[in-house]
Amino acid sequence: MNFKSYPDRDMMMIGLADRIATQLREAIRNDGHATLSVPGGTTPGPIFDTLSDIDLEWDKVAVLLNDERWVDEDSPRSNTRLIRERLLTGRAAAATLVPLYANAPRPEDKMDELAAGIAPHLPISVLLLGMGADMHTASLFPGADRLEEALSDDAPIVLAMRAETAGEPRITLSAPVLRDAMHIHILITGAEKRAAIEAAQFLPETQAPVRAVLKNATVHWAE
């Protein structure tokens, strides 16, 4: 784990957006295309705002969520809705959104279809993750019903996930898909999450799922 601290959150958001853009350009230059995987939630919003106005070949970028709540896109709880509003605007509107939700009563009904859509865009070029104080990342929650399967080396691309603290059923990229990303960034703020990610290095992945991606990750932190 590479740990990078910043004097304040504004500097962190601007610096990380610039680093992500540089890595996307590198992937496009080397491979002709790039995949950017991002979290939902409000914390990365300023990064999305900056990225959306950066000049790069967005038409060669596929954007994929780390995870999604199983809710319609018109729900305020939808991560898809968030990235459409904050990231896929301006210059970044030319990027391709790879779906992580489909209209069905249960996520299990659409796993194969969604995985087939994601597969051509793997491995992920640049992965941006968040982390909860419980040390979950994406929808890999401690105590989740299929966590051990999602952490296994032969896990499928995506899994349905349910956890007491998660609210709605979720769909999440599995640990191997996250771990195989070319560049991994974890964005956290505040003393509580700093302490959590430091503790995660010494805990089993079932207790601290974020540990599954820590080895090759850069953690970006500001108070």
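The values are calculated or read from the model by the stated rules, or taken from the named source; none is laboratory data. Computed from a predicted structure; not experimentally measured. To get the accessible areas, we keep the full protein, side chains included, count just its heavy atoms, and leave off ligands, DNA and RNA. Shrake-Rupley method; radii C 1.70, N 1.55, O 1.52, S 1.80 Å.
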Practice problem: Show the residues, 5+ positions off or on another chain, whose built amide H is closer than 5 Å to the amide H of Ile186. | Solution: Leu129, Thr218, Val219, His220
Quiz prompt | Extension reserve of the Ala94-Ser5 stretch, reckoned as 0.36 nm per residue once the Cα distance is removed | solution = 28.8 nm
Practice problem: Starting from the Cα gyration tensor of the stretch 134-201, take the square roots of the eigenvalues, sort them a ≥ b ≥ c, and report rounded, prolate or oblate (rounded when a/c is under 1.5, otherwise prolate if a/b is larger than b/c, else oblate). | Solution: oblate
Practice problem: Keeping the other protein chains in place, figure out the carbon and sulfur percent of the accessible area of the stretch 1-131, with a 1.4 Å probe. | Solution: 46
Exercise. Could you rank Asp134, Asp112 by how accessible they are, 1.4 Å probe, largest area first?
Key: Asp112, Asp134
Self-check item: Bridge type composition, the chain - antiparallel percent by DSSP, nearest 5
Solution: 25
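At 1.4 Å probe size, with the rest of the protein present, what percent of the exposed accessible area of the stretch 171-223 is carbon and sulfur atoms?
Values: 1070 of 2110 Å².
About 51 percent, which is the carbon plus sulfur part of the accessible surface.
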Practice problem: Give the distance, in whole Å, between the Cα centre of the stretch 168-223 and the Cα centre of the stretch 7-36. | Solution: 19
Self-check item: Tensor-based shape of the chain (alpha-carbon gyration tensor, a/c under 1.5 rounded, otherwise prolate or oblate)
Solution: rounded
Quiz item: Rounded, prolate or oblate: which one fits the stretch 1-74, using the alpha carbon gyration tensor with axes a ≥ b ≥ c (rounded when a/c is under 1.5, else prolate when a/b beats b/c, else oblate)?
Solution: oblate
Quiz item: Heavy-atom accessible area per residue, the chain, 1.4 Å probe: how many Å²?
Solution: 44
Self-check item: Extension gain from Lys215 to Ala199, taking 0.36 nm per residue of separation minus the Cα-Cα distance
Solution: 4.4 nm
